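Remarks on the structure that follows.
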Amino acid sequence: MIGFQGAVSEHVSAMERALAGRGSVVEVRRSGVVPDCDGLVLPGGESTTISRHLDRTGTGEEIKHAAGSGVPIMATCAGLVIISSEVERETRFEPLGLLDVKVKRNAFGSQRESFEADIDVAGFQSPYHAVFIRAPAITDRSDRVEVLAKVDGLTVAVREENLIGLAFHPELTTDLRFHDIFLDLVREG
Amino acid sequence: MELDKLRFGTELLKRGFAKMQKGGVIMDVTTAEQAIIAEEAGAVAVMALHAVPADIRKMGGVARMADPKIIQEIIDSVTIPVMAKVRIGHFVEAQILEAIGVDMIDESEVLTPVDEFHVIKSKFTVPFVCGARNLGEALRRIKEGAAMIRTKGEAGTGDVREAVRHMNLIMGQIRTLEGMNEAELTMTARDIQADYTLVCECAEMQRLPVVNFAAGGIATPADAALMMQMKADGVFVGSGIFKSENPSVMARAIVDAVNNYDDPTKLFEISKGLGDPMKGIDIGTIPEEEKLQVRGW
């Protein structure tokens, strides 16, 4: 769990519930930990802030290396912005360039426009209740990237091999289906 | 997916927004230029106001919401969330800030109160943060709809003493709830003038049910780390940055200190050679009636 800033404890407890004792979660706040992890989660928070910490500590490079060697990564909200390849209308922020998508920050507006909605997700039997907080959206992607869900025509959930990118917050609800997909990837690895 | 099926302004969204700020530093700014410096340093959000608390103290007079034009300029200049302050009880200033599109409203004792009653925050789509000195005050604000609490401390002093005292009180009062039976919890709720259900939630969770930041007098990286070690979820820094000798260096150091709050060796590196922090005022020299923290109830 990349734990510099944001909804870290919520993500840790959601992941612990999904793991049900079959593994452990560590918070990463310095370099040297990422290489020992079987899966990585980049939580929501403020992407600019988190990315500065990734730069300053060298953790960003470690994440790039892990992603390249096939380690599964689940990135939510700010995490999605961080692992993207390009951020619209942004010159001061450089994403890690792992997931081959272009994202737009605050795609739905400011906090006033934050929303909850039941969305249809590819492969899910029933709708998924998603929480969007100043959420980004995916505005462009390569053919390798599979779209899992859309809201109002905007892509909000994708997968590219070992990478899962979500514009919303699975750690704030009790539905663990995305965690289960992620943990399946970790076990396959 | 039709837009009319979306739900806005729910408690989950408001409290969720506050959770995204955890582990972060929220900095007071008065101009777009300062907001950019704060963002560059790694602030999670900026708080727009017309003057930093230290200057508000000096200037005297009535302190009001900042000029909407400047708030708008700040919103346009950064991608991190922008918060702004309203006077205690001034729900129209709050309506204006919601119309501008700020991400969070601080109903703040730093500005001059207009009412003994606080704004009913649950009526708004935008989330609120409010100051508190003790558990009862924190829970009264949460009952009114606050999605985030901060210690009041004593703003504009650069003296962290009151923030420490308020954090100790809130955390200590929560600890005493552990193991209480229903009757005792009922008595406590009555004594501290707080909602019984919220008191029970604190007893159960052993923390406030919303994000709890430290604020009011934080002026150095060590101050920020101190508040984090006392279990604050993050810190607000007001005058401490733009009243210091080198704001961008101080801002970055405080961000790094919050991230490495439990590592004294790193804190030593972070604290070196930052220039002078804000001069500050010893709280012991401020007469009771001039304290900002006594505003609100």
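The values are calculated or read from the model by the stated rules, or taken from the named source; none is laboratory data. Treat the numbers as computed from the prediction; the structure is a model and nothing was measured. With ideal geometry, Cβ positions are generated from the backbone for all residues, glycine too; neighbour counts draw on all protein chains shown. All accessible areas refer to the heavy atoms of the entire protein, side chains included, with ligands and DNA or RNA removed. Shrake-Rupley method; radii C 1.70, N 1.55, O 1.52, S 1.80 Å.
Which of A:LYS150/B:LYS5; A:LYS104/B:LYS85; A:LYS104/B:LYS69; B:LYS14/B:LYS143; B:LYS58/B:LYS291; A:LYS104/A:LYS150 have a Cα-Cα distance over 19 Å?
The pairs that break the limit, which is 19 Å between Cα atoms, are A:LYS104/B:LYS85; A:LYS104/B:LYS69.
Could I have the simple spin-label model distance between B:ARG190 and A:ARG187, label points 7 Å from Cα toward Cβ, reported in nm to one decimal?
5.4 nm
How would you order B:196-202, B:126-132, B:55-61, B:222-228 from highest to lowest mean count of nearby Cβ atoms within 10 Å?
Working: B:196-202: 18.4, B:126-132: 26.9, B:55-61: 13.1, B:222-228: 24.1.
Put in order of decreasing packing, that is B:126-132, B:222-228, B:196-202, B:55-61.
In debye, nearest 20: dipole of chain B around its Cα centre with unit charges on the Cβ of K, R (+) and D, E (-)? Mind showing how you got there, number by number?
Numbers: 33 positive and 43 negative charges, 40 e Å.
Roughly 200 debye, rounded to the nearest 20.
Placing +1 at every Lys and Arg Cβ and -1 at every Asp and Glu Cβ, with all other atoms neutral, what dipole size does the range A:8-188 have around its Cα centre, in debye to the nearest 20?
Values: 20 positive and 29 negative charges, 86 e Å.
Charge dipole, the range A:8-188, about its Cα centre: 420 debye, nearest 20.
Which distance in nm do the two modelled labels at B:ASP55 and A:ASP152 give, with both placed 7 Å along the Cα-to-Cβ direction?
3.7 nm
How much length is gained if the chain between B:GLU33 and B:THR197 is pulled fully straight, taking 0.36 nm per residue apart and subtracting their Cα-Cα distance, in nm to one decimal? The partial results should precede the final answer.
Details: separation 164, 0.36 × 164 = 59.04 nm, distance 4.41 nm.
Computed gain between B:GLU33 and B:THR197 is 54.6 nm.
Defining a contact as two alpha carbons under 8 Å apart and six or more residues distant in sequence, what relative contact order in percent does chain A show? Could the numbers behind the result be given before it?
Values: 381 pairs, mean separation 38.6, N = 189.
20 percent.
Sorted from largest down, what three extents in whole angstroms do the Cα atoms of the protein assembly as shown have along their principal axes?
66, 54, 42
Please report the spacing between the Cα centers of the range B:38-87 and the range A:1-68 in Å, no decimals.
Their Cα centres are 32 Å away from one another.
Under a 1.4 Å probe, what is the accessible area of the range A:8-188 per residue, stated in Å²?
40 Å²
May I ask you to find the residues of the range A:37-57 that are shielded by at least 40 Å² of accessible area once the whole protein assembly is considered instead of their isolated chain (probe 1.4 Å)?
A:GLU46, A:THR48, A:THR49, A:ARG52, A:HIS53, A:ARG56
Report the local net charge at B:LYS279: Lys and Arg +1, Asp and Glu -1, summed over other residues whose C-beta lies under 14 Å from its C-beta. Numbers along the way, then the final one.
Numbers: positive: B:ARG57, B:LYS58, B:LYS243; negative: B:ASP55, B:ASP159, B:GLU245, B:ASP276, B:ASP282.
That sum, taken over residues with Cβ under 14 Å, equals -2.
If you count, for every residue in B:10-19, the Cβ atoms of partner chains within 10 Å of its Cβ, what is the mean? Before the final figure, lay out the partial values.
Working: counts 4, 0, 8, 11, 3, 1, 15, 4, 2, 13.
For peptide B:10-19, the averaged partner shielding equals 6.
Expected output is a single nm value to one decimal: the length gained when fully extending between B:MET230 and B:SER248, i.e. 0.36 nm times separation in residues minus the C-alpha distance. What is it? All intermediate terms of the calculation are to be shown ahead of the outcome.
Details: separation 18, 0.36 × 18 = 6.48 nm, distance 2.57 nm.
That works out to 3.9 nm of additional length.
On average, how much accessible surface per residue is there in the range B:24-129, in Å², for a 1.4 Å probe, leaving out ligands, DNA and RNA? Walk me through the intermediate numbers first.
On the way: 3630 Å² over 106 residues.
Accessible surface, normalised per residue, equals 34 Å².
Which shape class applies to chain B: rounded if a/c is under 1.5, otherwise prolate when a/b exceeds b/c and oblate if not, where a ≥ b ≥ c are the square roots of the Cα gyration tensor eigenvalues?
Numbers: a/c = 1.40, a/b = 1.16, b/c = 1.21.
Cα axes put chain B in the rounded bin.
Checking an interface number: how much accessible area is buried between A and B, summed over both chains, with a 1.4 Å probe, in Å² rounded to 100? Intermediate values should be presented prior to the final figure.
Values: alone 9180 and 13500 Å², together 19160 Å².
Approximately 3500 Å², summed over both chains.
How large, in percent, is the carbon and sulfur part of the accessible surface of the protein assembly as shown at a probe radius of 1.4 Å? Working shown, then result.
Numbers: 9340 of 19160 Å².
Answer for the protein assembly as shown: carbon and sulfur cover 49 percent of the accessible area.
Just to confirm my numbers, what's the Cα centroid distance between the range A:122-161 and the range B:239-276 in Å?
The range A:122-161 and the range B:239-276 have Cα centres spaced 39 Å from each other.
Tell me, which residues of the range B:24-43 get at least 40 Å² less accessible area when the other protein chains come in, versus the chain alone (1.4 Å probe)?
B:GLU39, B:GLU40
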